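The values are calculated or read from the model by the stated rules, or taken from the named source; none is laboratory data. Small disclaimer: the values here were computed from a predicted structure and weren't measured. We place every Cβ from the backbone using ideal geometry, glycine too, and count neighbours over all the protein chains shown.
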Amino acid sequence: MPLNIRSEEVNRLADKLASLARVSKTEAVRIALANELERRDASLTAFIAGIKLIQDRIAACPETGLEADKAFFDDLNGEP
């Protein structure tokens, strides 16, 4: 399905990238979209790695063997 770009700014940016990369405007748009998708994937991968570090730190904490005190936590949350 064809892509019809009507934004002058997008058109200008595609022209600029095409000129810098010495490729067609279509190839410039393909490059830009592929790079953005790769950037987002890398960002998600980094986020998941950060979460894994937190999970590992929590898992490394020793179990206390104590049971949670419902009344204590209810009081912390302002519940009766």
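Observations on the model:
- Taking each residue of region 13-42 that is farther than 17 Å from residue 2 by Cα and looking for partners that are small (Gly, Ala, Ser) and not in a helix (DSSP H, G or I) with beta-carbon atoms closer than 7 Å, six or more apart or interchain, yields 18/24.
- Any hit, region 17-26, residues being in contact with a Ser or Thr (Cβ under 8 Å, 6 or more places away or on another chain), in a helix (DSSP H, G or I) and at pLDDT 95 or above: yes
- Options 24, 43; residue that is surrounded by 11 or more Cβ atoms within 10 Å (Cβ to Cβ) and not hydrophobic (A, V, I, L, M, F, W, C): 24
- Applying the set (1) at pLDDT 95 or above; (2) at positive phi to residue 38 leaves exactly one unmet item: (2).
- Scanning region 46-68 for residues that are of a type in the set (D, E, K, R) and loosely packed, with under 10 Cβ neighbours inside 10 Å yields 56, 57, 63, 67.
- Unique residue being aliphatic (A, V, I, L, M) and assigned to a helix (DSSP H, G or I) when the list is 66, 3, 33: 33
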